[in-house]
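Q: What follows is a structure written as structure tokens; I'll ask about it next.
The values are calculated or read from the model by the stated rules, or taken from the named source; none is laboratory data. Computed from a predicted model, the values in this text were never measured in an experiment. Please note: Cβ atoms are built from the backbone with ideal geometry, for glycine as well, and neighbour counts cover all protein chains shown. Areas reflect the complete protein model, heavy atoms only, side chains present, ligands, DNA and RNA absent. Shrake-Rupley method; radii C 1.70, N 1.55, O 1.52, S 1.80 Å.
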Amino acid sequence: MTSNFVLHPGKLTFADLRRICAGYCTIELADGAWQQIERSRATVEKIIEGHDTAYGINTGFGLLASTGIPPHQLDDLQKNLVLSHSCGVGNDLPDNVVRLISVLKLSSLSQGYSGVRRELVEHLIAFHNAGLVACIPEKGSVGASGDLAPLAHYAGALMGEGFIRLDGEKLPAPVALDKAGLKPLQLKAKEGLAILNGTQVSTALALSALFDIEKVFGAAVVAGAMSLDALKGSVAPFDDRIHQIRRQPGQRDVATLYPALLKGSGILTSHEKCSKVQDPYSLRCQPQVMGACLDLMRQAGATLLREADAVTDNPLIFSREGDVISGGNFHAEPVAFAADMLAMAVSEIAALSERRTAILVDPKMSGLPAFLVQDSGLNSGFMIAQVTAAALVSENKTMAHPSSVDSLPTSANQEDHVSMATYGARRTGEMARNAATVVGIELLAAAQGIDFHRPLKTSPALQIYHDRIREEVAFYDRDRSFAPDLQKITEMVLAGEFVAVAERILPDEENR
């Protein structure tokens, strides 16, 4: 059954954003928003009627901002803007990201600073509620002046240009609109620019990446605890006294998770009197590394939540004073920085996980069968699974280079500094998916290691996760095609099957 979401413009929460990103729901605009939309539009109409000059309403764009446009061509100006800016290339963005873009754009336009008509907002809502998804190519934005090319494809779909997905089928936009019983949108003065200017694409991509990273983070905590148990590691490094005097909030919060997960482990109690003094850093320093990653996730999350609630088109209409002000809220530098922070965090989460997998497959360090399989030599076991993890970690390291430090001038040097936020956010999503596989490989390896300790049992908490893994992926008793197992465990990570353990410490309105 389809759920309904009441949008209060400028008041989105993490819970709202996760819900929208996770699945389709119909949208309803809160009643109080319509008045501010109409008041803003009245200001635009007054400018047109008075023949006053205002950027984007009756002028050209960018370097052509000083070119005046006569009243009878104002609608054509907006249409031409959308068509000329529809220059995206590459694969289409995922449906869930496009739906999030739609809601973010609605929230921005409905706050009464964009000068659009009530009819446009109603059309956007009807488009979304009909299950229509604009086909937006993933490449072509530099993150200033907003996400111009991708948002042009979004606007074009509303107008009956380009392509739209309906029930998973990619259709010419006029065909999809007709099937949904909608007519193409006719843009009026200021409206094309209001849709094209804005950071909604880069913000939606970054939020989608954050939500995947949260799932990877939770899975990495579970995997790290399972690996610690399988490797007969020590819980002493998780003593809260250590983390209190470090004074890093993420570290303290993460450190509390591991003892709770390991409590009651028979494997753990079996080696309480062992002579080993210290574990490798990838086991011992999990709170320090994962806590630092959590702090970055929270900081990035706070930035992205503010941006999700922001008005980022240009020019902006301040109806109370009757002012139209041209500024630069479309510059996505905050989103670019947030995406780069998330990229660093997820790169480190995966790097730490791969190091634990490397220990698990090494009999000299683990005390377990070589490559976690009986009859090693005849069987190669987890040998190449660890190689795959190493390859993905190395790929992530390369992609973690900050995109925000790059800039190329555009539009004849009028737009001479750009954020590259859209690429930065998009690549962070790819890094999260790589990391999900890396952590998934560790989950399989750690579960295998725990199995080798029978009849000793892991903790009740970890046994629940172990059993769930075994429901999908059988014990590796001899060599078999490993790719289906890796795909299954990756899907489990990205489905959020391990995130519950960390939910209380993930980014939200309280701990941001």
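Q: Go through the residues of the range 348-362 one by one and say whether even a single one is touching a helix residue (DSSP H, G or I) at 6+ places or on another chain (Cβ under 6 Å) and at pLDDT below 95.
A: no
Q: Cβ-Cβ distance below 9 Å, separation of 6 or more or different chains: which pairs start in the range 1-13 with a residue that is part of a loop (DSSP other than H, G, I, E, B) and end on one that is open to solvent by less than 80 Å² (accessible area, probe 1.4 Å) and aromatic (Phe, Trp, Tyr)?
A: THR2/TYR24
Q: Taking the range 43-59 as the search range and keeping residues that are out of contact with any strand residue (DSSP E or B) (no Cβ under 8 Å at 6 or more places or on another chain) and surrounded by 14 or more Cβ atoms within 10 Å (Cβ to Cβ), which one is nearest to ILE195 (Cα to Cα)?
A: GLY56
Q: May I pose another question? Using the structure shown, decide if THR303 is over 23 Å from the mean Cα position of the chain (by Cα), of a type outside the set (Asp, Glu) and surrounded by fewer than 24 Cβ atoms within 10 Å (Cβ to Cβ).
A: Judged against the criteria, THR303 is not a match.
Q: Need at least 3 residues that are of a type outside the set (Phe, Trp, Tyr) and within 23 Å of the chain's Cα centre (by Cα) per element, so show me which helices (runs of 4 or more DSSP H) inside the range 394-512 make the cut, counting only ones lying wholly within it.
A: On the way: elements: 421-451, 460-472, 483-494.
Output list reads 421-451, 483-494.
Q: Within the range 107-119, identify whether any single residue is within 26 Å of LYS170 (Cβ to Cβ), crowded, with 24+ Cβ neighbours inside 10 Å and either in contact with a strand residue (DSSP E or B) (Cβ under 8 Å, 6 or more places away or on another chain) or among the β-branched types (Val, Ile, Thr) (or both), and answer yes or no.
A: no
Yes/no matrix, rows are residues, columns are (1) open to solvent by 40 Å² or more (accessible area, probe 1.4 Å); (2) closer than 20 Å to GLU491 by Cα:
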site: PRO369; (1), (2): no, no
site: VAL373; (1), (2): no, no
site: GLY377; (1), (2): yes, no
site: GLN386; (1), (2): no, yes
site: VAL405; (1), (2): yes, no
site: PHE452; (1), (2): yes, no
site: LYS457; (1), (2): yes, no
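Q: Do we have LEU205 as open to solvent by 10 Å² or more (accessible area, probe 1.4 Å), touching a residue at least 40 places away in the same chain (Cβ under 8 Å) and under 21 Å from the mean Cα position of the chain (by Cα) here?
A: In short, yes.
Q: Return the residues of the range 108-154 that are without any contact (Cβ under 8 Å) to a residue 60 or more places away in the chain and of a type in the set (Ser, Thr, Tyr); say none if nothing qualifies.
A: TYR154
Q: Would a scan of the range 31-39 turn up a residue that is over 25 Å from ALA310 (Cα atoms), open to solvent by 80 Å² or more (accessible area, probe 1.4 Å) and free of Cβ contacts under 8 Å to residues at least 12 places away in the same chain?
A: no
Q: Sort out which residues of the range 459-512 are open to solvent by 70 Å² or more (accessible area, probe 1.4 Å) and touching a strand residue (DSSP E or B) at 6+ places or on another chain (Cβ under 9 Å), and write them in order of number.
A: Matches in the range 459-512: ASP477, ARG478.
Q: Among the residues of the range 175-198, is any closer than 29 Å to SER407 by Cβ, open to solvent by 20 Å² or more (accessible area, probe 1.4 Å) and either under 22 Å from the mean Cα position of the chain (by Cα) or touching a residue at least 60 places away in the same chain (Cβ under 8 Å) (or both)?
A: Checking the range 175-198: not a single residue is closer than 29 Å to SER407 by Cβ, open to solvent by 20 Å² or more (accessible area, probe 1.4 Å) and either under 22 Å from the mean Cα position of the chain (by Cα) or touching a residue at least 60 places away in the same chain (Cβ under 8 Å) (or both).
Q: While we're on this one: Which members of the range 352-366 meet the condition of being crowded, with 24+ Cβ neighbours inside 10 Å and among the small types (Gly, Ala, Ser)?
A: If the condition is that a residue be crowded, with 24+ Cβ neighbours inside 10 Å and among the small types (Gly, Ala, Ser), then SER353 is the only one that fits.
Q: Could I ask something else about it? So which residues in the range 1-42 are more than 20 Å from the chain's Cα centre (by Cα) and of a type in the set (A, V, I, L, M)?
A: MET1, VAL6, LEU7, ILE27, LEU29, ALA30, ALA33, ILE37, ALA42
Q: Can you name every residue in the range 327-351 that is open to solvent by 40 Å² or more (accessible area, probe 1.4 Å) and either without any contact (Cβ under 8 Å) to a residue 12 or more places away in the chain or touching a Leu at 6+ places or on another chain (Cβ under 8 Å) (or both)?
A: The answer is GLY327, ASN329, MET344.
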